[in-house]
1. Fewest to most neighbouring Cβ within 10 Å: what's the order for 15, 128?
2. How many angstrom separate the Cα center of the stretch 19-42 from the Cα center of the stretch 114-139?
3. What ranking do 120, 103 get, fewest neighbouring Cβ atoms within 10 angstrom at the top?
4. Would you please state which residues of the stretch 141-159 a label at residue 2 would reach in this model, taking the label point 7 Å out along Cα→Cβ and a backbone N cut-off of under 13 Å?
């Protein structure tokens, strides 16, 4: 198990929205190229505001995203049971399932898998006294996977809180 914690100037609600809307993941997580969701029930689509310019480096958030049966990306938030696939810059595609979400505490968990390898990732966003955010990640996985993923995860967290 490894715990990472990174602080930055972005407000906590902005960072939480970057976490809570899968369409925004590629804007701050360099290891994620595209996110494709399994079928999303209409009742689980909620309109949300992803601030324009909330992407990495102030880039606009992506306007659309495949996999939600035509639902605008701004209507899909993470929820327990949400499944999908992440494509990085290089194969293989990674499967995921969201296992827990607490909007009030701004925490969420998911399981990520490729082949026989499984990672359990717990995320959270906390307010800092200066108005910025502390974003944290707890990784539970085999030691070799943790060592390989930790530098990538730290870079993504830094972009999340900018």
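What follows draws every value from the coordinates through simple rules; no lab data is involved. For clarity, every value in this text was computed on a predicted model and none was experimentally measured. Cβ coordinates were reconstructed from backbone atoms using ideal geometry, including for glycine residues, and neighbour counts include every protein chain displayed.
1. Working: 15 26, 128 14.
The fewest-first ordering by Cβ neighbours comes to 128, 15.
2. 16 Å
3. Details: 120 15, 103 12.
Listing 120, 103 from fewest to most nearby Cβ atoms yields 103, 120.
4. 141-157
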